[in-house]
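Accompanying notes for the structure given below.
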Amino acid sequence: MDKSFSPTDVEPRWRARWEELGVGIADAASDRPSFSIALPPPNITGALHMGHALQQSVQDILARHHRMRGYEVEWCPGTDHAAIATQNVIERQLAAEGLTKEELGREAFRARVDAWYEEYGGRIFEQMRRLGFSCDWSRARFTLDPAYVRAIRVVFKELYDEGLIYRGPRIVNWCPRCRSAISDEEVEWQEHTDSLVRIRYPVEGGGDITIATVRPETMLGDTGVAVSPGDPRYAGLVGRTVVLPLTGRRIPIFEDGAVEPEFGTGALKVTPAHDPTDYDIGQRHGLPMIGVIALDGTMDVPDLPRFHGLSVNRAREEVTVALRELGAVVGEEEYVHSVGHCDRCKGVLEPLISEQWWVTMRPLAEPAIAAVETGEVRFHPRRFANVYLDWMRNIRDWCISRQLWLGHAIPVSTCVNGHRFAWIEHPDACPECGSAELADDPDVLDTWFSSALWPFAIFGWPDDTPDLRRFYPTDVLVTAREIIFLWVSRMVMTGLRFAGAKPFGDVIINSTIMAGDGSRMSKSKGNVVDPLDMIERYGADAVRAWAGAVGTAGQDMRFDENRIASYRLFANKLWNATRLLVTRLGDGERIAEAPEVDPATLHPEDRWILARVAETVTACDAAIAAYRFHEVMERLYDLTWRGYCDWYVEMIKGRLGEDADPASRAAAVWTSVTVLDTLLRLLHPFMPFVTEECAVRLPGAAPTLQGREWPAPPSWWREGANGAADGVERVIELVGALRNARQQAGLPPGFRERQQVTLRTPDDALSAGDLRRLVQALVPVEVVDEL
RNA sequence: GGGCGGAUAGCUCAGCCGGCUAGAGCGUCUCGUUUACACCGAGAAGGUCGCGGGUUCGAUCCCUGCUCCGCCCACCA
């Protein structure tokens, strides 16, 4: 064996070996209990980042652990077509080439997208393989697979036929850049400093009323002015009519509870077509909706050529100028407020009225609320249950249509006679009148609509497949907290409604990895860390162990590369612990799992380390059950390095020599190999490569850890017979004191001459002989009866 | 406006239901090349556990107020 562990040499070999062995390929027909995880499918928008590496490592730790426990483990991988995100990526790519998708045409655009999926989809799986993930690659899914598309249509049709999906003109978050509507959950709010302009509107029959707005340009679409009910300032104006400047439109002054009397002037211009609040107010009072902004984000006011066609920003200035000319502007002040941006392209959103498809959420939400309230679905950390519940309880209808080139077509057609219907297979004729003249709906579905079906669609739903019966519901979902609303909540709703059961029992919200300075990692800031770099530098095991150690704390973590580096050292330590045994023992010696050892032949230090291993297994079992992987990693690290290498191995080196007493040697061999083998198995879910490589080198070992069981030490290990383990603990303290004294005295570490001590044992935890032997093995002193 | 999380050694973080000299990794200092490992070993230094009150025999851990940092939600005209 080489002096140090080389991940680059070892990893490809084991990846190939696992592939050969079919590790990860689940057998739906086996009689083992099942354990399943649906991988949150990464968007195919580029390479994976450290967040993915962390989240997926946690899943593989669970998968490998359960496999060792005898479960039939199905960890189903896949990728998400991520319509809006991918379209954005491709459009940016085109822009860099000086092209638009319109110039390219639909056909060529589609080809380009397919090529992208091909390349990056493969790259994502390749990255995952580099980390040694034991996914079930045979069942890999893509949200554009034909079977998956069918599941989407079945769900859509059912909701449509039940009236829970409807189409209608409502105010939406419109992204002028993407030229699409997006849902409320995809809005990213950013602070803007704008000018809050006070504008005086003349009132018919004398007088005036002053409103305050940060969007003067939308006044062209005003259809009312609202004041707070009972506001004494405006008591005389309510019920009268404003003549809107620039347009001459006559609009009413009325009262509405949504108006904050303290804000601005206490009077609100109401533009139902371009503001969500105003939309609601308009609905309440039956105001007309006058759209003044087009889908491309320019003013759409042909009757007002001064403004028509201007961008919204230009129009804001121009309208203000025009109002100033009329003397209507009576004040301006800087004002900080939040403006909605598209979370994909970051463009400013334009609320406007548009015909879209919606899902009525309330009926779907009720069972999903109950599932979490009753503990059927559990969040870890628990506090995220409240985040989920708050959202669910205040749920609003979901805008599911998108005006993109990419995505799942809305499966609805309308015939020439006006019959509209949803379908699963595209029909040739209208089911109502038989007309063959059908117009298909031009929109596509929100990506999250398809993602929402992931946990059951991947197993063949709506068909009653063996996989579905066997692996649904899944056991654990490991995901990021920013998609609790976008994804987790919707999976619970659709799972309960369509698959007849919750999609998963436990939801682990993994830690968020921040940059070293506490800011968010992002490509634009250039502070993202590439998992492949980390793998190359420290090995896949180190990256995984790091993920296990920080992944489920549920906290933001500042990325600390040193932490990964420390696990590379740990891998090397394991390697060298193995190397020691291999070089000292030779291949013929029997080990591990050999039940033949007679406990009576074991020495106190043997009993001590066995007891510690047994305790650690118990603690790890509890920690894993609670998803406290950091605790597992910490304990195993400490036991391996501190307990086994620093103390136990140093204690028994003498006993491993050729000239040692054969019985003593046999006991030391059995114990050292058994303990190391146990540690390697315990660590295997975290660090599969190095543990495989070490475990198979131990004398008499199996050719792979695959199929080996999770350790369950017999009860006699922890009994530590006659307090021998306590005695060893005391030796450790004593040795520490002796070393300290020697160093205080300025002795060089190896200095042995005239170093004599006498020791007295306060009880018979250790025999005088064992005490002398252990102390002399660890400190260069001579233990004598009398100084 | 509402809610949540964080503030523990120079750095990144653990510390479950209140009770041991408050821990780890990295870093720092001293010593060391003894055939597992210098990707190492031995020893050591380093913390008023954000600040102020309170409960308790006893609080890093509970209550309360405050100060910073971060996140989420909300119809911030």
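Some points to look at:
- Bridge type composition, chain A - antiparallel percent by DSSP, nearest 5: 70 percent
- Alpha carbon convex hull of the stretch A:497-623, projected area averaged over orientations, nm²: 14.4 nm²
- Cβ-based charge dipole, chain A, positive-most Cα from A:L164, A:T758, A:C694: A:T758
- Residues of the stretch A:127-221: accessible area per residue with a 1.4 Å probe, Å²: 37 Å²
- Calculated [θ] (222 nm, deg cm²/dmol) that DSSP helices of n ≥ 4 give over chain A, each run adding -39,500 (n - 2.57): -12000 deg cm²/dmol
- Kirkwood hydrodynamic radius over Cα pairs of the stretch A:1-123, then Stokes diffusion coefficient at 25 °C and 0.890 mPa s, in µm²/s: 139 µm²/s
- Semi-axis lengths, Å, the stretch A:289-447, gyration tensor of Cα atoms, sqrt of 5 times eigenvalues: 39, 31, 13
- Taking a quarter of the surface of the Cα convex hull of the stretch A:737-787 gives a mean projected area of 3.7 nm².
- Each peptide in A:612-622, A:728-738 was scored by the mean count of other Cβ atoms within 10 Å over its residues; highest first, the order is A:612-622, A:728-738.
- Counting only protein heavy atoms and using a 1.4 Å probe, the accessible area of A:H426 comes to about 90 Å².
- Compactness of the stretch A:672-787 as Cα Rg over 2.2 N^0.38 Å, two decimals: 1.45
- Residues in the stretch A:267-399 average 48 Å² of solvent-accessible surface per residue, probe 1.4 Å, ligands and nucleic acids excluded.
- Cross-link reach list, lysines versus A:K3, counting only Cα pairs under 27 Å and skipping chain neighbours closer than eight places: A:K573, A:K653
- Rounded to whole Å, sorted largest first: equivalent-ellipsoid semi-axes of the stretch A:645-740, Cα gyration tensor: 27, 17, 15
- Remark: accessible surface ordering of A:M633, A:M1 (largest first) is A:M1, A:M633, probe radius 1.4 Å.
- The charge dipole of the stretch A:724-787, taken about the Cα centre with unit charges on the Cβ atoms of Lys, Arg (+1) and Asp, Glu (-1), comes to about 340 debye, rounded to the nearest 20.
- Within-12-Å neighbourhood charge of A:P503 [Cβ basis; K, R +1; D, E -1]: 0
- In terms of packing, defined here as the mean over residues of other Cβ atoms within 10 angstrom, the peptides A:133-144, A:326-337, A:357-368, A:386-397 line up highest first as A:133-144, A:357-368, A:386-397, A:326-337.
- Over the C-alpha trace of the stretch A:126-232, radius of gyration and Dmax come out as 25.4, 79 angstrom.
- Per residue, the convex hull spanned by the Cα atoms of the stretch A:324-410 amounts to 238 cubic angstrom.
- When the solvent-accessible area of the stretch A:625-776 is split by element, carbon and sulfur atoms take up 49 percent of it, the probe being 1.4 Å.
- Restricted to Cα atoms, the stretch A:375-487 shows a radius of gyration and a Dmax of 18.7, 56 angstrom.
- Phi to ³J(HN,Hα) by Karplus 6.51 cos²θ - 1.76 cosθ + 1.60 over the stretch A:159-170, Hz, x for Gly, Pro: 5, 5, 5, 7, x, 8, 10, 9, 10, x, x, 8
- Between the C-alpha center of the stretch A:323-379 and that of the stretch A:474-504 there is a gap of 22 Å.
- Ranking A:A663, A:V673, A:W641 by how far each Cα lies toward the positive end of the dipole of the stretch A:635-677 (charges on Cβ) leaves A:W641 at the top.
- Longest to shortest principal axis, alpha-carbon extents of the stretch A:649-697, angstrom: 37, 16, 15
- The stretch A:22-77 - convex hull of the alpha-carbon atoms, volume per residue in Å³: 82 Å³
- Equivalent ellipsoid, the stretch A:174-242 (semi-axes from 5 times Cα gyration tensor eigenvalues, Å): 32, 13, 13
- Spin-label pair A:V243-A:A600: with each label point 7 Å from Cα along the Cα-Cβ axis, the two points sit 11.5 nm from one another.
- Surface/4 of the Cα convex hull for the stretch A:267-329, nm²: 5.0 nm²
- Averaged per residue, the stretch A:602-661 has 36 square angstrom of accessible surface, using a 1.4 angstrom probe with ligands and nucleic acids left out.
- Within the stretch A:218-278: Cβ-based charge dipole about Cα centre, in debye rounded to nearest 20 (Lys, Arg +1; Asp, Glu -1): 360 debye
- With contacts taken as Cα pairs under 8 Å at a separation of at least 6 residues, the stretch A:1-153 carries a relative contact order of 34 percent.
- For chain A, the normalised intensity computed at q = 0.09, 0.11 Å⁻¹ comes to -0.93, -1.21 (log10 of I(q)/I(0), Debye sum over alpha carbons, equal scatterers, no solvent).
- Accessible surface of the stretch A:177-229, 1.4 Å probe: 43 percent of it comes from carbon and sulfur atoms.
- Total charge dipole magnitude, the stretch A:603-736, about the Cα centre, Cβ charges on Lys, Arg, Asp, Glu only, Debye to nearest 20: 200 debye
- Using distinct alpha-carbon pairs, which all enter the 1/r mean, Kirkwood radius of the stretch A:432-526 in Å: 16.2 Å
- Percent carbon-and-sulfur accessible area, the stretch A:56-147, ignoring ligands, DNA and RNA, probe 1.4 Å: 51 percent
The values are calculated or read from the model by the stated rules, or taken from the named source; none is laboratory data. Note that this is a predicted model, so its numbers are computed, not measured. Counting neighbours? That spans all protein chains shown, and the Cβs are built from the backbone with ideal geometry, glycine included. For the accessible areas, the whole protein counts, side chains as well, though only heavy atoms, and no ligand, DNA or RNA atoms are used. Shrake-Rupley method; radii C 1.70, N 1.55, O 1.52, S 1.80 Å.
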